[in-house]
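Computed from the coordinates by the stated procedures, all read-outs in this text should not be read as laboratory data. What you are looking at is a predicted structure, and each value in this text was computed from that prediction instead of being measured. So basically every Cβ, Gly included, is an ideal-geometry build from the backbone, and we count neighbours across all protein chains shown.
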Amino acid sequence: MRSRMLRLAAVALAGTLVMTGCANRGGSDSGDAENFPAKDFTLVVHAGAGGGSDLTARTLAKELEADLGRSIVVENRTGGGGRVGLTYLKDRPADGYSIGFIPVEVSMLGHQGADIKPEQYTILGQVMNAPATLSVPTNSPYQTLDELLAAAKQNPGTITVSNSGAGAIWEAATLALGEAAGATFKPVPYDGGAPAVAAGVSGEVQAVMAGVSESASAAGNNQLRVLAVLAPERVTSLPEVPTATEQGVDVVIGGWGLMGAPAGLPDSVKERLAAAVQKAASSESFKDVMTRAGNTPLATSPDEATQFAQSEFERFGEIYR
């Protein structure tokens, strides 16, 4: 009898330990949270090195390291128009040591069959907006947006336009431009903005749809000629480039970026990280890098950013329907 009771007690204790281990994945404060941060961080980026998202993440990482007193290792996990990186981030432990750059695709991919929605992340704040740009190689025969559109109308589906991934924002921008202009392009996906731009520079594609930070850099090196900015007004990094609206095509579309972590962070950890993100995004160095790249720097609260991402999720739902 005594041995049976001991066995039952051992089973009960084991069950308690398992339950405790599961409960500590995140969602409530624990002893570890009181000492946060106690180790280095991983910052996940869904796109390749050298692109606009990577630039934003690495610039923020430097500011965050100074505030948090820990090293931040940037991991580029590319593929699927953001699916790979976003899936990896949401499945990481919710302990605060895995953070990530969360792009506009977090509000898009769920409508394309992916298990990705804003609610699966702890949103720490919005840090930037990035208008879309349409560019061609410098040796392209198309000198203006009108000329490129005329070719796309004359030969529907033959003008190749690179983008950052199937289902991603720059593919959506390509389709939106074509719809607004009555033209049909052939989108060509790559794993991020940097390789999409490289494809245009090499002549692998006839045009490039990318964020302004990526195209402005290539244009500054005389590798691309930017034909249009798909923004409400011209951007500071490309002041000579007219908007699509100025050229008679009424389309405004672009990307944006948040900072976040897996859902269920302990409250004190979320507060500490959110404060650090807001401080980093408000720094003069970050704002300078974003502005020179043609992006709009932002530093919103977690609540504002969470509401924004959800409203965008609903907006894209209407678009895809």
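Net charge dipole, the stretch 39-94: roughly 180 debye, given to the nearest 20, about the Cα centre with Cβ charges of +1 for Lys and Arg and -1 for Asp and Glu. Kirkwood radius and radius of gyration were both taken over the C-alpha atoms of the chain, and their ratio Rg/Rh is 1.08. For the chain, the Cβ-based charge dipole about the Cα centre amounts to some 1080 debye (Lys, Arg positive; Asp, Glu negative; other atoms uncharged). What's the whole-number percent of alpha carbon pairs in the stretch 49-172 lying beyond 21 angstrom? Pairs farther apart than 21 Å: 51 percent. The distance linking the stretch 74-130 with the stretch 236-266 is 17 Å (Cα centroid to Cα centroid, whole angstrom). Remark on Glu75: its backbone amide H falls under 5 Å from those of Leu43, Val44, Val45, a criterion applied only to residues 5 or more positions apart or on other chains, H modelled at 1.01 Å from N. Spin-label model, Glu284 to Ser301: label points 7 Å out along the Cα-to-beta-carbon direction sit 2.7 nm apart.
Report the FRET efficiency, 1/(1 + (r/R0)^6), for Ala166 and Glu204, where r is their Cβ-Cβ distance and R0 is 25 Å, rounded to 0.05. Given R0 = 25 Å and the Cβ-Cβ separation, E is 0.90. Angle of helix 284-293 to the longest C-alpha principal axis of the chain, folded into 0 to 90 degrees and rounded to 10: 40°. Which angle between 0 and 90 degrees, to the nearest 10, do you get for helix 302-320 versus the longest principal axis of the chain when only C-alpha atoms count? With both axes taken from Cα atoms, the answer is about 50 degrees. Placing dummy labels 7 Å off each Cα toward the beta-carbon, the span from Arg292 to Ser268 is 4.0 nm.
Among the listed pairs Lys153/Lys186; Lys117/Lys287; Lys39/Lys287; Lys90/Lys117, those whose Cα-Cα separation exceeds 20 Å are Lys117/Lys287; Lys39/Lys287. Between the beta carbons of Ala66 and Ile319, assuming R0 = 45 Å, the FRET efficiency works out to 0.70 to the nearest 0.05.
Remark: relative contact order (the chain) = 26 percent; criterion is Cα-Cα distance under 8 angstrom and separation of 6 or more residues. Placing unit charges on the Cβ atoms only, positive for Lys and Arg and negative for Asp and Glu, gives the stretch 131-254 a dipole magnitude near 160 debye about its Cα centre. With kT/(6 pi eta Rh) evaluated at 25 °C and eta = 0.890 mPa s, and Rh the Kirkwood radius from Cα pairs, the stretch 131-254 diffuses with a coefficient of 180 µm²/s according to Stokes-Einstein. Counting DSSP beta bridges with both partners in the stretch 131-254, what percentage is antiparallel, nearest 5? Bridges in the stretch 131-254 are about 60 percent antiparallel. Cβ crowding within 10 Å ranks Ser71, Ser162 as Ser71, Ser162, fewest other Cβ atoms first. Extension gain, Thr184-Asn221: 0.36 nm per intervening residue step, less the Cα-Cα distance, totals 10.4 nm. For the chain, the longest principal axis of the alpha carbon atoms and the long axis of helix 267-282 meet at an angle near 30°. Close amide H partners of Gly255, meaning residues 5 or more places away or on another chain with modelled amide H under 5 Å apart, are Ala130, Ala132. Averaging the Cα positions of each part gives two centres, and for the stretch 144-172 and the stretch 284-304 these lie 29 Å apart.
Ranked by the mean number of other Cβ atoms within 10 Å of their residues, highest first, the peptides 87-98, 185-196 fall in the order 185-196, 87-98.
Measuring gaps between exposed loop sites in the chain (GluC sites (Glu not before Pro); DSSP loop; at most 14 other Cβ atoms within 10 Å), the longest gap, sites not included, is 1-232. Estimated from helical segments only, the mean residue ellipticity of the chain at 222 nm is -13500 deg cm²/dmol, where each DSSP H run of four or more residues counts as -39500 (n - 2.57). Pick out, from Phe313, Ala228, Thr291, the residue whose Cα sits farthest towards the positive end of the charge dipole of the chain, with +1 on the Cβ of Lys and Arg and -1 on the Cβ of Asp and Glu. Value computed over the given set: Phe313.
Amide H contacts under 5 Å for Gly51: Ala194, restricted to partners 5 or more places along the chain or on a different chain, H placed in the peptide plane at 1.01 Å from N.
FRET efficiency for the pair Gln143 and Ala49, taken as 1/(1 + (r/R0)^6) with r the Cβ-Cβ distance and R0 = 25 Å, rounds to 0.20.
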